[in-house]
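Encoded as C-alpha cells, the structure appears first; notes follow it.
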Amino acid sequence: MSLLTPEWTGLLYLIAAVCFILALRGLSSPKTARRGNLIGAAGALLAVITVFLSARIENIPFILIAIAVGSAIAAPISRRVEMTQMPQLVALFNGVGGGAAALVAVLELGSSDSLGSKVAVVFTMLIGAVSFSGSAVTVGKLQGLISSRPLIFPGLAIVMGGVVLAALIAGGFVVATGAAGWAIALLVLGLLVGALLVLPVGGADVPIVISLLNAFTGLAVAASGIVLGNLLLVVAGTLVGASGTILTRAMASAMGRGVSGILFGAFKGGSTAGSTTQSDRPVRSSNAEDVAVLLNYAQRVVIVPGYGLAVAQGQHTIAELATTLEARGVEVVFAIHPVAGRMPGHMNVLLAEANVPYEALKEMAEVNPEFKNTDVALVVGANDVVNPAAKTSPGSPIYGMPILDVGEARQVVFLKRSMRPGFAGIENELLYDPKTTLLFGDAKDSLTKVLGAVNAL
C-alpha cells in the first residue's frame, strides 16, 4: 500500500525536477557550483524517498542492503580521489548509470506489451551498454591501464559498421519476439559498439568523449523512465542528456574541432594523441631565484594553470604565491582555458580547493586581450592550451583550437618537468622564444622554491 496519493507524488516529483534544473543552473558558475550540487543531491534524495512512499515495492530489505553497500563503496572513493583522478571518477559513475539503465530495461522486457515500450526497452539497452563499455575504456585510458593513444587496426571502420548493423538487427528481433537470447545478444553488441567507439580516440579528446557518453547515459535514463512509466526519470535523463550534449559541443568548440572529428579523426590522423618525443633544441632555463625576481618586480602577473599543477598537487602553494605577490602590490590573475586539465572546470575546482577567489579566475575571452599588458605570464603544467601551433601550423592536431595568448606577455615563464610535448604530441615553439624562461622540476617543488625566494627578497 502506498503512503502518498498520486497528487502528492506528482507534486514531490515536480519539486525534485525543479531541484535538478536549479542544480544545473548552479553548476554553470564556480561561484554557485557547490550550492547547485547540494540542491541536486537534495532533489535526488527527495525523488528516492518519494518512490519508497508512493510505489508498491517488494524486497525492500534487499534494496536497502544494496543502497548501503553502494554508499559504503562510493563515499570513501569520492573522498579520497585525487583531483587528477576526478575525470576517471566521473566516467566511472557515468558508466555505472548507463549500465544500470540497461539492466533495468532487460528486467522490464517481459512486461513490455506495446510497440512503443519495446522500442524504448531496446533503445535503453543499446545506449546504456554503449555508455557502460565506452566509459570503462575512457577510465582505462585516463588511468594508464590502456594506451592514451588512438588504438586502431586495419578494417576497424568496417568492423564497427558491421557491429552497429548487427546491434540494430538484434534490436529489431527483440522488438519482434521479446526473446531473452536476442536481448543478451543486443547487450553484448552494445558493449562492443561502446568499446570500438572510444578505442580510436586519444589524448586530449578523451575528456570530451566522457561528456558525450554522459549525454548517452542521460538518454538511456530518459528512455528507462518511459519503460517504467516514471516521469521524473524522463525529466532527469533529458536534462542530463541535454546538458551533456551542450557541454560536449562547447568542449569541442574550445578545441576548435567537430564532434565527428574527435570520434573518427584517428581514421585520418586527426586525433590529439600523446607522444613521448623530446626535443634536443636548446632552451633558456633558469632557477627559482631568478623567477622570483621577475615576479617580485612585475606589476601584472597572469598565472596559467594546467594538468601538471594538478598532478603535483601544487594548488595551495601557487595560491600562497599569488597572495604573497598581491601583498607586495603585484596584480595577479589566473587564466583558465576551457579544456585545461582533464575535464571542464578542472582548474576552477582545483583552485577553489586552495581558496583562490573566484574574481581572480579569468576565462580565456576575458584574459586574452590583457596579455599584451602583462609583465610575466607564469605557465604551470600547461602546454597545448598555450601552443602557438594552434594558430600557425595548419597540419598540427590542435590547429584551429583557441589558445591563451601568453606569447604576447613581456616575459613568459614555464614550469615543466621536462621538454616532453603535451597530449597533442607536438613541440611548443613558445618554449624556444628568447623571452621565455623554463624552470624544470616538479611543479609543487618549483613553486615552493620560488615562494621561498620571493619571501627572501
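The figures follow:
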| read-out | value |
| --- | --- |
| Among 149-162, 89-102, the order from most to least packed when residues are scored by Cβ within 10 Å on average | 89-102, 149-162 |
| Protection-proxy order for peptides 45-58, 69-82, each taking the mean of Cβ atoms within 10 Å per residue, highest first | 45-58, 69-82 |
| MRE, 222 nm, helices only [DSSP H, n ≥ 4, -39500 (n - 2.57), over the chain, to nearest 500] | -19500 deg cm²/dmol |
| Integer Hz, Karplus 6.51/-1.76/1.60 couplings in order for region 292-298, x for Gly and Pro | 4, 5, 4, 5, 5, 9, 7 |
| Extension gain, S418 back to I60 (0.36 nm per residue minus Cα-Cα distance, nm) | 123.3 nm |
| Signed unit charges on C-beta, dipole axis of the chain, positive-most listed residue V139, A55, T32 | V139 |
| The chain, dipole about Cα centre (Lys/Arg Cβ +1, Asp/Glu Cβ -1), debye to the nearest 20 | 300 debye |
| Reachable aspartates and glutamates, given that their alpha-carbon falls under 16 Å from the alpha-carbon of K118 and they are not under 8 places away in the same chain | E108 |
| Cα gyration tensor, region 306-427 - rounded (a/c under 1.5), prolate or oblate | prolate |
| Y297/R25 FRET efficiency (R0 60 Å; Cβ-Cβ; nearest 0.05) | 0.85 |
| E82-E429 pseudo-label distance in nm [points 7 Å out on the Cα-to-Cβ vector] | 3.5 nm |
| Whether region 4-107 is rounded, prolate or oblate, judged on the alpha carbon gyration tensor where a/c under 1.5 counts as rounded | oblate |
| Rounded to 5, the percent of DSSP beta bridges in the chain classed as antiparallel | 0 percent |
| Gyration tensor verdict on region 72-194 (Cα atoms; rounded if a/c is under 1.5, prolate if a/b is larger than b/c, oblate otherwise) | oblate |
| Normalised contact order of region 301-452, rounded percent, pairs of Cα under 8 Å and 6 or more residues apart | 27 percent |
| Cut-off 16 Å (backbone N to label point 7 Å along Cα→Cβ of A354), residues of region 399-419 | 413-417 |
| DSSP bridge orientation in region 288-456 - percent antiparallel, rounded to nearest 5 | 0 percent |
| Reported label for calculated Cα extents along the principal axes in Å given (1) 75, 53, 34; (2) 96, 57, 41; (3) 84, 52, 47 | (1) |
| Whole-Å distance, taken between Cα centres, linking region 334-377 and region 165-244 | 35 Å |
| Listed residue (L361, I318, L415) projecting farthest to the positive dipole end of region 288-456, Cβ model | L415 |
| Integer Hz, Karplus 6.51/-1.76/1.60 couplings in order for region 20-26, x for Gly and Pro | 5, 5, 5, 5, 4, 4, x |
| Packing-based order for 217-229, 287-299, using average beta carbon neighbours within 10 Å, highest first | 217-229, 287-299 |
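Each reported figure results from applying straightforward, stated rules to the coordinates on display, with no laboratory input. Note that the structure is predicted; figures quoted are calculated from it, not measured. As a convention, Cβ positions derive from the backbone with ideal geometry for all residues, glycine included, and neighbour counts pool all protein chains shown.
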